[in-house]
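I have placed the structure first, in the form of structure tokens, so that the comments after it can refer back to it.
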């Protein structure tokens, strides 16, 4: 894995450390979880749900993409309400 340097305010860094501590996670794990939550992933990983949807439902590419987007939005909406 590659390393990344980011600049955060002292207040934001303290909040990040506290959130990680309260969840029993490292800062790396918390950031990785957050990236997953917002759907930030490698392009190939993002295409996998489309391939599965097309395979299971015999959908065209446009239909499969629309289905995946609808499902992702539904999941994200559920997570944000919790």
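What pairs come up if the first residue lies in region 17-43 and is on the phi > 0 side of the Ramachandran plot and outside the structural domain of residue 77 (by TED's automatic domain parsing), the second is part of a helix (DSSP H, G or I) and exposed (fewer than 11 other Cβ atoms within 10 Å of the Cβ), and their beta carbons are under 8 Å apart, counting only those six or more places apart or on different chains? Filtered contacts from region 17-43: no entries. Across region 3-51, the qualifying residues are those that are outside any helix (DSSP H, G or I) and modelled with pLDDT under 85, and the one among them that is farthest from residue 75 (Cα to Cα) is 42. Checking residue 49 against (1) surrounded by 12 or more Cβ atoms within 10 Å (Cβ to Cβ); (2) without any contact (Cβ under 8 Å) to a residue 12 or more places away in the chain; (3) closer than 30 Å to residue 68 by Cβ, which test does it fail? Among (1) surrounded by 12 or more Cβ atoms within 10 Å (Cβ to Cβ); (2) without any contact (Cβ under 8 Å) to a residue 12 or more places away in the chain; (3) closer than 30 Å to residue 68 by Cβ, residue 49 violates only (2).
Looking across region 52-72, the residues that are surrounded by fewer than 12 Cβ atoms within 10 Å (Cβ to Cβ), modelled with pLDDT under 80 and assigned to a helix (DSSP H, G or I) come down to 55, 56, 57, 61.
The values are calculated or read from the model by the stated rules, or taken from the named source; none is laboratory data. Predicted model, so just to flag it, every value in this text is computed and none were measured. No Cβ is skipped: glycine too gets one built from the backbone with ideal geometry, and neighbour counts run over all protein chains shown.
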